[in-house]
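Trainee: Structure in structure tokens, see below.
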Amino acid sequence: MISDAPVLQQSSEPAENAVAPSRLSRYARPALGLLLPLTLALGWELVVWSGWSNGRLVPPPSRVFATITELARSGELVRHISATLWRVGLGFGFGVVAGTLLGAISGYWSLARRLLDPTVQALRAIPSLAWVPLFILWLGIFETSKIALIAVGVFFPVYLGVMGAILSVDRKIVEVGRTFRLSGFAMIRRILLPAVLPAYVVSLRVGLGLGWMFVVAAELIGASEGLGYLLLDGQQLGKPAQILAAIVIFAILGKLTDWLIELAAAPFLRWQDAFGRAKET
Amino acid sequence: MLALDRVSKTYPNGVEALTRFSAEIRQGEIIAIIGGSGCGKSTLLRAIAGLDRASSGTVTLDGEAIASPHAKIGIIFQEPRLLPWLSVADNIGFGLAELPAAERRAKVARALDRVGLADKAQAWPRELSGGQAQRVAIARALVPQPEVLLLDEPFSALDAFTRRDLQDHLLDLWADTRPTLILVTHDVDEAVVLADRVLVMRPRPGRLFDQIEINLGRPRDRNSPLFETFKRSVLASLDRSLDRRVPDRDATQGPGQAMWW
């Protein structure tokens, strides 16, 4: 009468295809991404070295690297990087807290959404740089106005991401929670939070990207230190190598911080069944 | 005993999904509800589950009125609806959060064993086949030992072979604690294999049309002539519920030929 065993053995195990990728592909994949920039850099280095170009406006990688080491040796680099990181960190922190709170409220209570969301959406339509003069008048030209600007940039993607994620939680899954009589708080903790986590991580990463964008804007407007200041200084003194050095450092820091978010979220998202994941294994 | 007393449901848009449905269901009885589309069978099930409130009429379980999900009533949906971020074991233990961890683990392990998925305890839901996922859903609903288990077309998304297998498996699990089973289905075979009593509903507005007792011993042989007779009588009742006139002695146009679904 009970014939469960045969079917069970018959069905194959999809879990098995999650075996570790071969050693070659494990190292070859990141290397593949480096191929294009390294080839370009090496090519330009050769062009300048063989005398086809003097490399004054577009300095070769070796000169950019020399500028970075020089800045590092004098201690300048650490000062600029820490100033910029501090601003991004604070602005990102405030933006994430505000965006998460308001986004969660708007997503969870439809009354709050009707009250709040139209205003937030209207504010979102304002190009964020338009706030700069006002922030400077209100908050002064020092750190506060810069951090406020970065926080504004981070706020909107996080707010939208959290609200959208909550609104799009599968009704059928919520119903499972209801059949097990989960109260409001337990429903949030056991159903809603895990369900919105993937979208939340994406919104954090988008927010961080905007934070890096806005820190440059803030530092271009008026600063005596920071990577943005290095950019401006390089322009005014005609030092393209310094500009490129700052750009390279921006790229490295941006990628690194993004990777940190990804790394921190990974243990919580192992369950995901997504297209991108299937391709990575 | 589960008592349904003139349960009606009218949706806000004015559609009368269910009208004055009354039935008394004994503890441990297996009921199949069958009927054409739009006959309110899912509406009825959701009212018993406490997920939707009836517009009028009452659902009472052992004298207690049901208006919201109840600990003694479990439900299995058409889709497994497993929580993708929990392992198979944690999904099964989802309704046992109040128990001490050791007791919960023991119950989950027993349930996993019972549905033949002990080796999948730590797997993610995405790694399961459709039949395995539905087994986990059955285990999740059964492990808190409900008195009433509702099933909303639980096997309709599975292939014929897996479906048969799970029907037998469900009966086997049912024998452990003998909860009341109320099964919504559109599969006549399934109704006759599982049910003690088949309730036939008729649509527009949804209401009870007919009841057929299936007086067959268990285990039931799907190929016996008696099984066939009960199937025919259910099909004939379905045809009548839709006012299809069925020529009686025409072999090619037997009951059930009308497209009642």
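The values are calculated or read from the model by the stated rules, or taken from the named source; none is laboratory data. Not measured: the values here are computed from a predicted model. In this analysis, Cβ positions are derived from the backbone assuming ideal geometry, glycine residues included, and neighbour counts consider all displayed protein chains. Areas reflect the complete protein model, heavy atoms only, side chains present, ligands, DNA and RNA absent. Shrake-Rupley method; radii C 1.70, N 1.55, O 1.52, S 1.80 Å.
Trainee: Which of the three applies to the range A:129-281, rounded, prolate or oblate, going by the alpha-carbon gyration tensor with a ≥ b ≥ c and a/c under 1.5 meaning rounded?
Mentor: Working: a/c = 4.10, a/b = 1.96, b/c = 2.10.
It is oblate, given that a/c is not under 1.5 and a/b is not larger than b/c.
Trainee: What is the distance, in nm, between label points placed 7 Å from the Cα along the Cα-to-Cβ direction at A:T119 and at B:R178?
Mentor: Once both label points are built, they end up 6.3 nm from each other.
Trainee: Let me ask something else about it. At a 10 angstrom cut-off on C-beta neighbours, averaged per residue, how do the peptides A:33-40, B:88-95, B:64-71, B:126-133 rank from highest to lowest?
Mentor: B:88-95, B:126-133, B:64-71, A:33-40
Trainee: Follow-up question, since we're still on this one. With θ set to phi - 60°, apply the Karplus curve 6.51 cos²θ - 1.76 cosθ + 1.60 along the range A:201-218 and write out the HN-Hα couplings as whole Hz, x wherever there is a Gly or Pro.
Mentor: Per-residue couplings from phi come out as 4, 4, 5, 5, 5, 4, x, 5, x, 5, x, 5, 5, 6, 5, 5, 4, 5 Hz.
Trainee: If you don't mind, there's one more thing I want to ask. Provide the solvent-accessible area of A:M163, counting protein heavy atoms only and rolling a 1.4 Å probe, rounded to the nearest 10 Å².
Mentor: So the heavy atoms of A:M163 present about 20 Å² to solvent.
Trainee: May I pose another question? Considering only DSSP states other than H, G, I, E and B, which trypsin sites (Lys or Arg not before Pro) in the range A:181-281 qualify as loop sites with at most 15 other Cβ atoms within 10 Å?
Mentor: For trypsin sites (Lys or Arg not before Pro) across the range A:181-281 that sit outside H, G, I, E and B with at most 15 neighbouring Cβ atoms in 10 Å, the list reads A:R181, A:R270.
Trainee: For the pair A:S62 and B:A71, how long in nm is the line joining their label points, each one 7 Å along Cα→Cβ?
Mentor: It is 7.9 nm.
Trainee: For the ranges B:216-228, B:169-181, what's the packing order if you count other beta-carbon atoms within 10 Å of each residue, average per peptide, and put the highest first?
Mentor: Values: B:216-228: 12.2, B:169-181: 17.8.
Highest to lowest by the protection proxy: B:169-181, B:216-228.
Trainee: Have a look at the range B:119-134 and report residues whose accessible surface goes down by 20 Å² or more when the remaining protein chains are included, against the chain on its own, probe 1.4 Å, ligands and DNA/RNA excluded.
Mentor: For the range B:119-134, once contacts with the other chains are taken into account, B:K120, B:W124, B:R126, B:E127, B:Q132 lose 20 Å² or more.
Trainee: Still on this structure, please answer the following. Looking at the protein assembly as shown, what % of its DSSP beta bridges pair antiparallel, to the nearest 5?
Mentor: That works out to approximately 50 percent antiparallel.
Trainee: Of the accessible area of the range B:87-145, with the probe set at 1.4 angstrom, what percent is carbon plus sulfur?
Mentor: 49
Trainee: Tell me, what is the FRET efficiency for A:W86 and A:I126 to the nearest 0.05, using R0 = 35 angstrom and their Cβ-Cβ distance as r? Please report the intermediate quantities before stating the final value.
Mentor: On the way: r = 26 Å, r/R0 = 0.75.
Taking R0 as 35 Å, the efficiency between A:W86 and A:I126 is 0.85.
Trainee: Can you pull out the trypsin sites (Lys or Arg not before Pro) in the range B:1-48 that DSSP calls coil and that have at most 13 other Cβ atoms within 10 Å? Walk me through the numbers on the way to the answer.
Mentor: Values: sites: B:R6, B:K9, B:R20, B:R26, B:K41, B:R46; in loops: B:R26.
Loop-located and lightly packed - B:R26.
Trainee: Kindly identify chain A as rounded, prolate or oblate by the Cα gyration tensor criterion: order the square roots of the eigenvalues as a ≥ b ≥ c, call it rounded if a/c is under 1.5, otherwise compare a/b with b/c, prolate if a/b is larger, else oblate.
Mentor: oblate
Trainee: Restricting to chain B, compute how many DSSP beta bridges are antiparallel as a %, nearest 5.
Mentor: 50
Trainee: Express the accessible area of the range B:17-163 per residue in Å², computed with a 1.4 Å probe while the remaining protein chains stay in the model.
Mentor: Per residue, the range B:17-163 has 38 Å² of solvent-accessible surface.
Trainee: I would also like to ask the following. Let me check something: with ligands and nucleic acids excluded, how do A:L182, A:L102 order by accessible area (1.4 Å probe), largest to smallest?
Mentor: A:L102, A:L182
Trainee: A:K172: which lysines have alpha carbons under 22 Å from its alpha carbon, excluding same-chain residues fewer than 8 sequence positions away?
Mentor: B:K9, B:K41, B:K72
Trainee: Please compute the average number of Cβ atoms from other chains found within 10 Å of each residue's Cβ in peptide B:65-72.
Mentor: If you average over the peptide's residues, the count of other-chain Cβ atoms is 2.
Trainee: Roll a 1.4 Å probe over the protein chains and send me the accessible area per residue for chain A in Å².
Mentor: Details: 16830 Å² over 281 residues.
For chain A, the per-residue accessible area is 60 Å².
Trainee: Still on this structure: Residues of B:74-83, mean number of Cβ from any other protein chain within 10 Å of their own Cβ, rounded to a whole number? List each step's numbers first, then the result.
Mentor: Working: counts 2, 5, 1, 4, 1, 1, 1, 6, 2, 8.
Counting Cβ atoms of other protein chains within 10 Å of each residue's Cβ and averaging gives 3.
Trainee: Buried accessible area for the A:B pair, summed, 1.4 Å probe, in Å² rounded to 100? Mind showing how you got there, number by number?
Mentor: On the way: alone 18430 and 12910 Å², together 28190 Å².
It comes to approximately 3100 Å² buried between A and B.
Trainee: Over the protein assembly as shown, what lengths in whole Å, largest first, do the semi-axes of the equivalent ellipsoid take, defined as the square roots of 5 times the eigenvalues of the alpha-carbon gyration tensor?
Mentor: 64, 28, 21
Trainee: Same structure, new question: Using protein chains only (no ligands, no nucleic acids) and a 1.4 Å probe, work out which residues of the range A:138-175 have their accessible area cut by at least 40 Å² relative to the chain alone.
Mentor: Residues shielded by partner chains are A:K172, A:I173, A:E175.
Trainee: Tell me, what % of the accessible area of the range A:154-281 is carbon and sulfur with a 1.4 angstrom probe?
Mentor: On the range A:154-281, the fraction of accessible area on carbon and sulfur atoms equals 67 percent.
Trainee: Report B:T162's accessible area, 1.4 Å probe, all protein chains in place, as a number in Å² to the nearest 10.
Mentor: Solvent-accessible area, nearest 10 Å²: 20 Å².
Trainee: Could you check the spin-label model distance between A:L34 and B:D90? Points 7 Å from the Cα along Cα→Cβ, value in nm.
Mentor: Simple spin-label model gives 3.6 nm for this pair.
Trainee: How high is the FRET efficiency from B:A106 to B:S224, r the C-beta distance, R0 45 Å, rounded to 0.05? All intermediate terms of the calculation are to be shown ahead of the outcome.
Mentor: Details: r = 40 Å, r/R0 = 0.90.
So the FRET efficiency works out to roughly 0.65.
Trainee: With r as the distance between the Cβ atoms of A:I173 and B:T60 and R0 = 30 Å, compute the FRET efficiency 1/(1 + (r/R0)^6) and round to 0.05. Please report the intermediate quantities before stating the final value.
Mentor: Values: r = 29 Å, r/R0 = 0.97.
Efficiency computed from Cβ-Cβ geometry: 0.55.
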